[in-house]
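Heads up: the structure comes next, in structure tokens.
Here, each number is a calculation from the coordinates, and none is a lab measurement. Keep in mind that what you see is a predicted model, and the values were worked out from it rather than measured. Backbone-built Cβ (ideal geometry, glycine too); neighbour counts: all protein chains shown.
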Amino acid sequence: MSLEKLFEPESIVIVGASRKEGSLGRVFFDNVLRFGFKGKLYPINPKAPEIAGIPCYPSIADLPETPDVAVIMVRKELALEAVEECGRKGIENIIMITAGFREVGGEGIEREKALMELVHKYNLRLVGPNCMGIINTDPEVSLNASFSPTEPFVGNVAFVSQSGALGVAVLEMSKELRLGFSIFVSAGNKADLKDNDFLEFLATHERTRVITLYQESIEEVERFRKITTRLSSKKPLIVVKAGRSRSGAQAASSHTGALASSDQATAALLKQCGIIRADSIAELFDLSLAFSTQPIPSGDRIAVITNAGGPGILAADAIELNGLQLAKLSEETTNYLKSFLPEEASVHNPVDMIASANEDTYQNTVRAVLKDPNVDAIMVIIVRPPVNTTPRMIVEKFRSVLKNGKKKPVCVVLMAQHDADCGLEIFQELKLPVYSYPEAAAFALAKMVEYGKRKRRPAGKIKKFPVEKGSLQHIFEQAVAEKREYLRSNEVTTLLSAYGFPLPFSIVIQSPEEALEIFEQRQTPLVLKIESDEIVHKSDVGGVKTHLDSLDKIRQAYQELMENALKITSADKIQGIFLQEMVEANLEVALGMKRDPNYGPLLMFGMGGIFIEVFKDVSFRLA
């Protein structure tokens with residue numbers, strides 16, 4: 001079922017609208033009116049003839065038509081009855097503001113189950129419960145169906161939040177930064193409509209250029225992966241995923257009833273899907289400002305223009321620390337800059353125009369550097385100049401520079417934002433993202449460069465290998481029957497061989513004579529490893545001997561392995577000695593797999609050998 005009517009309704013009924021000043025029912029109703037909703041509004045209140053001059057109806061059944069959306073904010077004891085009435089009336093979309101469901105546990109869990117039975121019975125689409133509502137800033141709709149005290153600017157960023165309280169804070173911060181939203185969703189408990197449903201709608205929503213998410217849990221992982229992989233190739237998708245730490249994951253789990261999952265798996269999933277991960281709400285804003293206003297850079301060569309040396313140096317450091325490079329300006333550009341900048345200025349990158357720079361200096365410098373073919377993006381730093389100019393006067397001069405449209409991103413670091421003449425509204429009008437410090441601008445540019453590289457990268461192909469899995473099942477069945485936590489070495493080699501991995505010769509032996517015989521046959525150095533279910537990390541206990549290239553070395557190694565093993569376990573718990581052909585290599589890698597409870601099989605690849613636990617130089621991907 002399409003969500004178009006939910007976000008672009010022609011009529012809304014508010015169940016629980018109130019005349020009482022300060023009540024949630026009145027705040028919500030006033031928000032809808034104040035934002036200028038273009039459709040019909042029906043308040044339900046059996047005790048009031050009208051609210052703010054709009055006639056009330058005693059019940060949903062008494063409405064003269066079937067509205068597109070019902071907002072329910074009655075007490076939890078009355079919520080299910082209201083949903084039932086909506087179903088009977090034929091209302092298909094519900095926004096459940098009412099709390100007291102799964103998030104409170106106990107009876108709330110059962111109440112949510114009963115709610116979903118009604119949703120399925122009447123084929124409804126439901127936002128929430130326990131949510132703040134939705135907002136659509138499209139002037140054709142002008143819908144603020146939320147109890148947020150802050151109205152957003154009109155813009156092209158969509159925000160979907162699992163936390164209503166965080167959503168309120170985000171709207172407040174967005175006003176300070178002058179970041180505009182297209183769609184805002186407080187998803188609440190996500191009992192019915194989940195992130196995937198909203199993402200599918202936003203993928204084709206013309207007024208949305210950037211999509212942002214705050215998530216405490218990821219449901220329907222496979223569907224999420226398919227949707228976001230397709231979506232991220234068209235629109236930047238920025239996510240703040242809470243629950244990274246063990247305590248944070250537990251808090252998210254108890255708060256939402258979601259299954260906590262490892263952050264390694266989450267990071268792997270987001271990266272594979274092309275999702276840009278922000279570590280904080282501040283980073284989410286930094287990225288949204290850039291992606292919503294600027295073109296994607298074609299490369300990673302950044303130019304810095306400043307009127308103060310210190311911030312220019314900080315910018316250069318931040319650019320390199322974020323994996324970008326300072327652009328080398330062309331000779332034509334530097335010669336032109338010399339023609340009008342003071343002798344004390346630096347015409348190389350960073351371009352330091354010094355404190356005497358005025359609005360004309362900025363205009364000419366930005367125009368010249370933008371034209372330089374060696375520059376992919378620009379960071380413009382404005383420190384309040386001591387001369388007779390202001391940031392407002394400077395940005396006014398940018399109009400002529402940017403009038404033909406920008407093909408390269410320009411980020412502004414304005415270190416005087418609280419100044420009365422800072423001209424923030426003009427920066428917004430010209431679609432220039434404004435940051436307080438160079439580090440934030442460099443971070444945003446780095447993520448834009450990374451996104452551009454991914455968009456230009458050809459799609460990968462998945463190769464499949466024919467394997468008779470049934471013939472391998474007995475290995476796992478035997479391990480489970482023996483209550484073992486680990487597979488034995490010969491079992492691992494059997495599995496890897498079945499999947500086509502090239503492996504050195506190996507065999508489990510029970511005597512040194514067997515090792516000597518194999519050595520004489522193969523004429524190659526050997527490796528001996530103790531084989532015992534009681535000894536997992538063999539090298540830690542002297543359970544591995546390498547480079548055995550003589551009969552004497554093999555005899556001595558065998559004896560030492562058994563002696564070391566018997567210090568830890570008994571003879572009946574030693575399965576033998578695992579013999580392998582010695583393989584010399586300059587690079588050791590590790591390949592592993594774990595089954596994440598939420599995401600499924602998770603592959604690990606990276607640095608191998610004895611230092612893997614020290615350096616932890618590995619990457620994870622979902623199979």
Hey, what do the phi angles of segment 79-88 turn into as Karplus ³J(HN,Hα) couplings, whole Hz, using 6.51/-1.76/1.60 and θ = phi - 60°, x for Gly and Pro?
5, 5, 5, 5, 5, 4, 5, 4, x, 5
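For A623 and I109 in one chain, what is 0.36 nm times their gap in residues minus the Cα-Cα distance, to one decimal in nm? Please report the intermediate quantities before stating the final value.
Details: separation 514, 0.36 × 514 = 185.04 nm, distance 3.31 nm.
Length difference between fully extended and current span is 181.7 nm.
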Calculate the length of the line joining the C-alpha centroid of segment 22-88 to that of segment 508-538, in whole Å.
79 Å
L487 versus S550, label points 7 Å from Cα toward the beta carbon: distance in nm?
3.8 nm
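Stretched out fully, how many nm does the piece from E176 to V508 gain, at 0.36 nm a residue minus the Cα gap? Mind dumping the intermediate values first?
Values: separation 332, 0.36 × 332 = 119.52 nm, distance 6.90 nm.
That works out to 112.6 nm of additional length.
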Dipole size in debye (nearest 20) for the chain around its Cα centre, Lys and Arg Cβ +1, Asp and Glu Cβ -1?
1480 debye
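For segment 455-510, which trypsin sites (Lys or Arg not before Pro) pass both filters: DSSP loop (anything but H, G, I, E, B) and at most 16 other C-beta atoms within 10 Å? Don't skip to the end; give the middle numbers.
Working: sites: K455, R456, K461, K463, K464, K469, K483, R484, R488; in loops: K461, K463, K464, K483, R484, R488.
For trypsin sites (Lys or Arg not before Pro) across segment 455-510 that sit outside H, G, I, E and B with at most 16 neighbouring Cβ atoms in 10 Å, the list reads K461, K463, K464, K483, R484.
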Just the number, please: percent antiparallel of the DSSP beta bridges in segment 277-426, rounded to the nearest 5.
5 percent
Quote the charge dipole size of segment 26-72 about the Cα centre in Debye, to the nearest 20; the model charges only the Cβ of Lys and Arg (+1) and of Asp and Glu (-1).
180 debye
Can you list the GluC sites (Glu not before Pro) in segment 27-84 that are in a DSSP coil and have 15 or fewer other beta carbons within 10 angstrom?
E65
Could you compute the net charge surrounding A515? Neighbours are other residues with a C-beta less than 15 Å from the C-beta of A515; K and R count +1, D and E count -1.
-4
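Using Cα-Cα distances under 8 Å and only pairs 6 or more residues apart, what relative contact order does the chain have, in percent?
Details: 1163 pairs, mean separation 51.2, N = 623.
Rounded, it is 8 percent for the chain.
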Of the candidates I12, L269, Y558, the farthest towards the positive dipole end of the chain (Lys/Arg Cβ +1, Asp/Glu Cβ -1, centred on the Cα centre) is I12
Nearest 10, in degrees from 0 to 90: the angle of helix 107-122 to the longest Cα principal axis of the chain is 70 degrees
Once amide H atoms are placed 1.01 Å from N in the peptide plane, what residues at a sequence separation of 5 or more from D596, or on another chain, have their amide H within under 5 Å of its amide H?
L602
For the charge dipole of the chain, defined by +1 on Lys and Arg C-beta atoms and -1 on Asp and Glu C-beta atoms about the Cα centroid, which residue among A114, T66, L602 has the Cα displaced farthest towards the positive pole?
T66
Do any GluC sites (Glu not before Pro) in segment 470-561 lie in a DSSP loop with no more than 13 other beta carbon atoms within 10 Å, and if so, which?
E482, E485, E534
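Determine the percent antiparallel among the DSSP beta bridges restricted to the chain, to the nearest 5.
On the way: 38 of 88 bridges.
Here the share of antiparallel DSSP bridges comes out near 45 percent.
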Counting only DSSP beta bridges with both residues in segment 94-219, what percent are antiparallel, rounded to the nearest 5?
40 percent
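Evaluate the charge dipole of segment 388-534 about its Cα centre and quote only its size in Debye, nearest 20, assuming +1 on the Cβ of each Lys and Arg and -1 on the Cβ of each Asp and Glu.
Working: 23 positive and 19 negative charges, 382 e Å.
With only Lys, Arg, Asp and Glu charged at Cβ, the dipole is about 1840 debye.
Distances over 14 Å make up what percent of all Cα-Cα pairs in segment 434-498? Before the final figure, lay out each step's value.
Working: 1540 of 2080 pairs.
Of all Cα-Cα distances in segment 434-498, 74 percent exceed 14 Å.
Considering just Cα atoms, how many Å³ per residue does the convex hull of segment 264-360 enclose?
Details: hull volume 14.2 nm³, N = 97.
Dividing the Cα hull volume of segment 264-360 by its residues yields 146 Å³.
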List, in order, the whole-Hz ³J(HN,Hα) value for each residue of segment 583-590 obtained from phi through the Karplus relation with A = 6.51, B = -1.76, C = 1.60 and θ = phi - 60°; use x for Gly and Pro.
10, 8, 7, 8, 10, 10, 10, 10
Give the label of the value calculated from the structure for percent of Cα pairs over 35 Å apart, choosing from (1) 53; (2) 57; (3) 43.
(2)
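Less than 14 Å Cβ to Cβ from L166, Lys/Arg counted +1 and Asp/Glu -1: what total charge do the surrounding residues give? Numbers along the way, then the final one.
Working: positive: K241; negative: E172, E216.
Here the charged neighbours net out to -1.
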Projected onto the charge dipole of the chain (unit charges on the beta-carbon of Lys, Arg, Asp and Glu, signs +1, +1, -1, -1), the Cα from S539, G309, L3 with the largest positive-side position is that of L3
Prolate/oblate/rounded call for segment 165-232, Cα gyration tensor, a/c under 1.5 rounded
oblate
